[in-house]
Amino acid sequence: MPAGLGSSPFDDEGVPTQVTPIIETGVLRNYLHSAYTAKKLRSLPTGNGSRAASGTVTIGPTNFYLKPGKYTPEEIISSTEKGLYVVELIGFGVNPVTGDYSRGAVGIWVENGKFVHPVQEVTIAGNLREMLKNIEMIGNDVMFLGSIAAPTLKIRNMVISGD
């Protein structure tokens, strides 16, 4: 991605970077690989080797994003009968083996398509596979503030707990 915040001609292992679509039309097509993971899975490196401060190479996405959909954020909000519009996520809570997901969240409560009141100190939880299957609407508002981005999403259901 020219001028992308995560753009580089090579990864931290010297492998040329490339566009690697992960999911296309709902089907898992690829994985991101370092040279090590590619060798273990008898595949090719994807240019995603990322060296940590300790010197260890891990897998790091660069300019990683969900393609925009056709809905404006306003259309997504107005279509919501009851739910949480998340504006900030706190902490890290993803199990890469099971896909279980749990994060602290801050947002705005939505009822009948309107913002009602701010919400803080809640936890949202789900499973990544189920979350992907339950995406109902995808916004047209992808904005890169770093090297990873996503548009507004409407997910059918997740667990919300807290005051």
With (1) touching an Asp or Glu at 6+ places or on another chain (Cβ under 8 Å); (2) in a strand (DSSP E or B); (3) surrounded by 15 or more Cβ atoms within 10 Å (Cβ to Cβ) as the list, and PRO151 as the residue in question, which single condition is left unmet?
(2)
Out of (1) at pLDDT below 95; (2) under 22 Å from LEU145 (Cβ atoms); (3) over 18 Å from the mean Cα position of the chain (by Cα), the odd one out for GLY60 is which?
(3)
So, in the range 17-37, how many residues would count as being surrounded by 10 or more Cβ atoms within 10 Å (Cβ to Cβ) and either within 14 Å of GLY60 (Cα to Cα) or in the same structural domain as ASN134 (by TED's automatic domain parsing) (or both)?
11
Of the conditions (1) outside the structural domain of PRO2 (by TED's automatic domain parsing); (2) surrounded by 18 or more Cβ atoms within 10 Å (Cβ to Cβ); (3) outside any loop (DSSP other than H, G, I, E, B), TRP109 satisfies every one except a single condition; which number is it?
(2)
Say we look at the range 112-148 and pick out the residues that are in a strand (DSSP E or B) and touching a Phe, Trp or Tyr at 6+ places or on another chain (Cβ under 6 Å); which of these is nearest to LYS70 (Cα to Cα)?
GLY139
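Restricting to the range 12-48, count the residues that are on the phi < 0 side of the Ramachandran plot and in a loop (DSSP other than H, G, I, E, B).
Of the residues in that region, 21 qualify.
Can you find a residue that is hydrophobic (A, V, I, L, M, F, W, C), in contact (Cβ under 8 Å) with a residue 12 or more places away in the chain, part of a strand (DSSP E or B) and closer than 27 Å to PRO2 by Cα anywhere in the range 74-87?
Taking the range 74-87 and keeping what is hydrophobic (A, V, I, L, M, F, W, C), we get 76-77, 84, 86-87.
Filter once more, keeping what is in contact (Cβ under 8 Å) with a residue 12 or more places away in the chain: 76-77, 84, 86-87.
Applying the additional criterion that residues be part of a strand (DSSP E or B) yields 84, 86-87.
Now restrict to residues that are closer than 27 Å to PRO2 by Cα: none.
Checking the range 74-87: not a single residue is hydrophobic (A, V, I, L, M, F, W, C), in contact (Cβ under 8 Å) with a residue 12 or more places away in the chain, part of a strand (DSSP E or B) and closer than 27 Å to PRO2 by Cα.
Here is a list: MET137, MET131, MET158, MET143. Which entry is in contact with a helix residue (DSSP H, G or I) (Cβ under 6 Å, 6 or more places away or on another chain), of a type in the set (A, V, I, L, M) and not assigned by TED's automatic domain parsing to the domain that holds SER7? Give the derivation first.
Working: MET131 fails: in contact with a helix residue (DSSP H, G or I) (Cβ under 6 Å, 6 or more places away or on another chain); MET158 fails: in contact with a helix residue (DSSP H, G or I) (Cβ under 6 Å, 6 or more places away or on another chain); MET143 fails: in contact with a helix residue (DSSP H, G or I) (Cβ under 6 Å, 6 or more places away or on another chain).
Only one candidate qualifies: MET137.
Here are some residues: LEU89, LEU84. Which one is closer than 11 Å to ILE160 by Cα and either exposed (fewer than 14 other Cβ atoms within 10 Å of the Cβ) or modelled with pLDDT of 95 or more (or both)?
Details: LEU89 fails: closer than 11 Å to ILE160 by Cα.
The match here is LEU84.
Using the structure shown, decide if ARG103 is within 30 Å of LEU41 (Cβ to Cβ) and not β-branched (Val, Ile, Thr). Give the derivation first.
Details: within 30 Å of LEU41 (Cβ to Cβ): yes; not β-branched (Val, Ile, Thr): yes.
Taking the combined requirement at face value, the residue satisfies it.
The values are calculated or read from the model by the stated rules, or taken from the named source; none is laboratory data. Computed from a prediction, not measured in an experiment: that's the story for all the values here. Heads up, the Cβs are rebuilt from the backbone with ideal geometry, glycines too, and the neighbour counts pull from every protein chain shown.
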